[in-house]
């Protein structure tokens, strides 16, 4: 898409009667800033490995009311037991396919802004964040009140379906107040032929709160999925993130975790599975602003065929963040000679009393380990699968909710059976 294409679709957004005109100044400010910045290109340091051929070659239209009708979609294929689900279809909230969750406060976008008296600043340095604010068309916002412990995970099932080239921009806020806890599952699915989904999730964790955030990205092979996640953590809060990504043609996760209060902890983890010509990217920043905070980044990639992956991980320890403990790891397994891994772990340290480490390894399956397993009676295929499962297994153990872990393990095993061959 060219900038003029975005302009024509933006004018349609402003003309929509079911969007409140109160939000127009916020949209226009973001869109004007986007026009000034433009789309990223290979000259931008943080974007130099990202492939934008789909976005530049396609003309994505905003989702209309006619695109909200569910014709054929197999919900059973994506069922996870013991969760409460809120469903979106091509950017439209589907109440008839959603559960009622009385324990939490759910607000639409306008209600959320009014809840904070319009004193909410959205990120302004990322073009896709600006696009999301300009085009925001779906999403609900969760507020969990002080002292609540939500037992059942809350799942947002985000479906992208149909033959039209559509652009959807969900904006989601999750506010966890003091001494509260919850599990949030962000589940992307669909059978669309061409789709651009540009999601923005803003998370606020107040004092002594806990959020487990599980992201499953299983879009169709022609989808472009851009995810922007910003996490602000107060004192003694805990944020645990896990992503399984194996869908879409191009996927980019931008995650910015900010440890603002002392004693805050975040654990950021991910597993990407790519084949054919897919590109799956994880761009992670952990900012330590306060003392006595712990963070970890542990991202793994398994690549097949001519696929590629990106890990761009950075930990920044600011000058007042003494006693920081931070670890960073990226490990990648290449199952094909034509697969490509771009790994760039980084540390920026401005404090003198810290414990920080980072590392990156990329390679093929170990020949000696394969030989040993075959000598114990396994055939070559089973030996490969056993080693690959061993490579990934530690990440699955991080998922506390048994039905979700079993669901993710099933998706991983299906991918393995389809893609790992003799």
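The values are calculated or read from the model by the stated rules, or taken from the named source; none is laboratory data. On a predicted model such as this, the values are computed, not experimentally measured, just so you know. Note that each Cβ is placed from the backbone with ideal geometry, even for glycine, and that neighbours are counted across all protein chains shown.
The residue list 22, 12 contains one member that is part of a helix (DSSP H, G or I), in contact (Cβ under 8 Å) with a residue 24 or more places away in the chain, assigned by TED's automatic domain parsing to the domain that holds residue 109 and exposed (fewer than 12 other Cβ atoms within 10 Å of the Cβ), which is 22.
Among the residues of this structure, residue 335 does not count as one that is surrounded by 15 or more Cβ atoms within 10 Å (Cβ to Cβ), more than 20 Å from residue 244 (Cβ to Cβ), in contact (Cβ under 8 Å) with a residue 24 or more places away in the chain and in the same structural domain as residue 183 (by TED's automatic domain parsing). Of the numbered criteria (1) under 18 Å from residue 268 (Cα atoms); (2) loosely packed, with under 13 Cβ neighbours inside 10 Å; (3) in contact (Cβ under 8 Å) with a residue 40 or more places away in the chain, the one residue 381 fails is (1).
For every residue, the table says whether it meets (1) touching a strand residue (DSSP E or B) at 6+ places or on another chain (Cβ under 6 Å); (2) over 24 Å from residue 328 (Cβ atoms); (3) touching a residue at least 24 places away in the same chain (Cβ under 8 Å).
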position	(1), (2), (3)
208	no, yes, yes
228	yes, no, yes
237	yes, no, yes
245	yes, no, yes
263	no, no, yes
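Filtering 273, 280, 268, 255 for residues that are modelled with pLDDT of 95 or more, farther than 23 Å from residue 347 by Cα and in the same structural domain as residue 336 (by TED's automatic domain parsing) leaves a single hit, 273.
Is it the case that some residue within the stretch 320-332 is touching a helix residue (DSSP H, G or I) at 6+ places or on another chain (Cβ under 6 Å) and either in a loop (DSSP other than H, G, I, E, B) or under 30 Å from residue 387 (Cβ atoms) (or both)? I'd like the intermediate steps shown before the answer.
Step one: of the stretch 320-332, the residues touching a helix residue (DSSP H, G or I) at 6+ places or on another chain (Cβ under 6 Å) are none.
Within the stretch 320-332 (the criterion being touching a helix residue (DSSP H, G or I) at 6+ places or on another chain (Cβ under 6 Å) and either in a loop (DSSP other than H, G, I, E, B) or under 30 Å from residue 387 (Cβ atoms) (or both)), the answer is no, since none of the residues qualifies.
The single condition among (1) surrounded by 12 or more Cβ atoms within 10 Å (Cβ to Cβ); (2) modelled with pLDDT of 90 or more that residue 96 does not satisfy is (1). Taking each residue of the stretch 98-116 that is in contact (Cβ under 8 Å) with a residue 40 or more places away in the chain and looking for partners that are surrounded by fewer than 14 Cβ atoms within 10 Å (Cβ to Cβ) and part of a strand (DSSP E or B) with beta-carbon atoms closer than 6 Å, six or more apart or interchain, yields nothing. Total residues in the stretch 120-151 satisfying the condition of being closer than 20 Å to residue 256 by Cβ and loosely packed, with under 13 Cβ neighbours inside 10 Å: the figure is 3.
Total residues in the stretch 77-99 satisfying the condition of being out of contact with any strand residue (DSSP E or B) (no Cβ under 8 Å at 6 or more places or on another chain) and either in the same structural domain as residue 411 (by TED's automatic domain parsing) or more than 23 Å from residue 400 (Cα to Cα) (or both): the figure is 2. Look at (1) part of a helix (DSSP H, G or I); (2) within 22 Å of residue 253 (Cβ to Cβ); (3) touching a strand residue (DSSP E or B) at 6+ places or on another chain (Cβ under 7 Å) and you find that residue 30 fails only one, number (3).
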